[in-house]
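I have placed the structure first, in the form of structure tokens, so that the comments after it can refer back to it.
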Amino acid sequence: MTKRAFTFPGQGSQAVGMGKDLAAAYPEARAVFDEVDEALGQRLSAIMFEGPDDILRLTENAQPALMAVSLAVIRVLEAKGICLADHAAYVAGHSLGEYSALCAAGTFSLSDAARLLKIRGQAMQKAVPVGHGAMAALLGLDLPTARDVAAQAAGDEVCDVANDNAPGQVVISGATAAVERALEIAKAKGAKRALLLPVSAPFHCSLMQPAADAMAAALAEVTVNAPVVPLVANVLAAPISDPDDIRQRLVEQVTGVVRWTESVTWLTGPGEVTHLAELGTGKVLTGLAKRINSEAIATSVCTPADIDAFVAELLA
């Protein structure tokens with residue numbers, strides 16, 4: 001029997017034009033974008049569809065935008081008779097994608113998810129002055145070596161592992177000078193490539209503590225329901241369903257490591273899922289899944305054609 005997990009992309013997958021084809025093809029998708037616009041009090045959908053790119057890339061816009069496209073896909077699938085609880089054993093999301101996953105699984109309302117991600121994006125941007133933090137990808141190093149690089153580079157500053165995305169693809173985060181030192185150390189330790197990432201803040205490191213505090217306050221104010229299927233949480237790489245636990249892990253996630261390699265390894269372990277479906281913009285998680293477990297079947301579902309093929313597969 002086919003057992004699936006639905007996964008939801010994180011920041012970096014956004015692109016001008018995202019969701020435009022869905023809005024044109026499906027009233028259910030258009031309704032999602034309208035509700036997100038209303039919840040945020042801004043025409044986010046216009047920025048998504050038409051740009052400009054530099055405004056879409058702003059953390060406070062990119063995060064709710066990515067969630068909106070993922071939820072548009074979910075609503076279209078529902079209109080075609082595909083219920084998440086019937087077709088997914090778990091949900092998981094990369095960083096902000098956890099909010100998309102939880103909204104899809106009924107933990108948050110769409111409006112609350114949009115507002116939470118707006119707050120999250122603004123708080124992450126505000127936590128560290130522009131230019132004082134950086135992130136870098138270390139390619140070709142294993143996780144223990146990347147941890148050593150970060151520790152060696154830190155000195156009396158912050159330099160942490162932020163994302164364990166796939167074997168040989170680790171992202172570090174911290175103070176700009178420390179991250180720049182890490183690039184040279186990583187190359188000396190055999191990294192194939194070590195490069196700064198075009199991000200506006202050092203996500204998933206201890207410098208984000210003010211943003212974690214902001215999210216603790218914001219999450220305390222919203223209704224958190226148990227998801228209809230468990231969430232495999234970034235900070236645990238294990239499933240959770242309890243609303244209080246979800247709140248706590250979403251706060252921890254702001255400063256914690258996105259343990260994506262371990263999460264996919266757990267999901268595709270013996271007796272768990274054989275298929276991973278990435279719902280939303282881009283194919284980043286689909287590519288990572290194949291690197292993490294070459295035997296896993298991973299597909300991305302974003303365009304109307306993708307949706308038709310996925311529905312046909314699920315109803316076959």
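Counting only aspartates and glutamates at least 8 places from LYS283 when in the same chain, those with an alpha carbon closer than 14 Å to its own are ASP306. Between LYS126 and GLU184, the contour length at 0.36 nm per residue exceeds the alpha carbon distance by 18.0 nm. In the chain, the calculated helix contribution to ellipticity at 222 nm averages -15500 deg cm²/dmol per residue, counting -39,500 (n - 2.57) for every DSSP H run with n ≥ 4. For region 79-207, the antiparallel share of DSSP beta bridges with both residues in that region comes to about 100%.
Among 121-129, 19-27, what's the highest-first ranking by average C-beta atoms within 10 angstrom per residue? Display every interim value, and only then the final one.
Details: 121-129: 19.4, 19-27: 17.8.
Taking the mean over residues of other Cβ atoms within 10 Å, the ranking is 121-129, 19-27.
Which of rounded, prolate or oblate describes region 121-175 when judged by the alpha-carbon gyration tensor and an a/c cut-off of 1.5?
Details: a/c = 2.95, a/b = 1.56, b/c = 1.89.
The shape class here is oblate.
In a shell of Cβ-Cβ distance under 12 Å around LEU285, excluding LEU285 itself, what net charge do Lys and Arg (+1) and Asp and Glu (-1) give? Present the calculation step by step, with values, prior to reporting the outcome.
Values: positive: LYS283, LYS290, ARG291; negative: GLU278.
That works out to +2.
A Förster radius of 25 Å combined with the Cβ-Cβ distance from GLU221 to ALA31 puts the calculated FRET efficiency at roughly 0.50.
With an 8 Å cut-off on Cα pairs and a minimum separation of 6 or more residues, tell me the relative contact order of region 259-316 in percent. Intermediate values should be presented prior to the final figure.
Working: 56 pairs, mean separation 17.8, N = 58.
RCO, region 259-316: 31 percent.
The simple Förster model, with R0 at 35 Å and r as the Cβ-Cβ distance, assigns GLU313 and ASP242 a FRET efficiency of 0.65.
Ranked by solvent-accessible area (1.4 Å probe, protein heavy atoms only, all chains present), the residues LEU207, LEU58, LEU285 order from largest to smallest as LEU58, LEU207, LEU285. With K and R counted +1 and D and E -1, the other residues having a Cβ less than 15 Å from that of ILE246 yield a net charge of -4. Excluding same-chain neighbours fewer than eight residues apart, the aspartates and glutamates reachable from LYS290 by a Cα-Cα span under 15 Å are ASP164, GLU262, GLU278. Using a Gaussian network model of the chain in which every pair of alpha carbons under 10 angstrom is joined by a spring, one finds that among ARG193, ARG75, ARG57 the greatest mean-square fluctuation is at ARG193. If R0 is 25 Å, the Cβ-Cβ spacing of ALA85 and LEU196 corresponds to a FRET efficiency of close to 0.05. In this simple spin-label model, placing a label point 7 Å from the Cα along the Cα-to-Cβ direction at both GLN42 and ASP54 gives a separation of 1.6 nm. For the chain, the residue among THR145, VAL69, VAL229 whose Cα projects farthest onto the positive side of the dipole built from Cβ charges is THR145.
Legend: residues ASP37, ASP160, sorted from most to least accessible area (1.4 Å probe; ligands, DNA and RNA excluded), read ASP160, ASP37.
Using a 1.4 angstrom probe on the protein heavy atoms only, line up GLU272, GLU38 by accessible area, largest first. Before the final figure, lay out the partial values.
Working: GLU272 45, GLU38 155 Å².
Descending order: GLU38, GLU272.
Net charge of the neighbourhood of ASN225, taken over other residues with C-beta under 14 Å away and scored Lys/Arg +1, Asp/Glu -1, is -3. Average accessible surface for the chain: 39 Å² per residue, computed with a 1.4 Å probe over protein heavy atoms with every protein chain in place. With contacts taken as Cα pairs under 8 Å and at least 6 residues apart, region 68-174 reaches a relative contact order of 19 percent.
Dipole magnitude for the chain: about 600 debye, using +1 per Lys or Arg Cβ and -1 per Asp or Glu Cβ, origin at the Cα centre.
The values are calculated or read from the model by the stated rules, or taken from the named source; none is laboratory data. Predicted, not measured: the structure shown is a model, and the values here were computed from it. Counting neighbours? That spans all protein chains shown, and the Cβs are built from the backbone with ideal geometry, glycine included. For the accessible areas, the whole protein counts, side chains as well, though only heavy atoms, and no ligand, DNA or RNA atoms are used. Shrake-Rupley method; radii C 1.70, N 1.55, O 1.52, S 1.80 Å.
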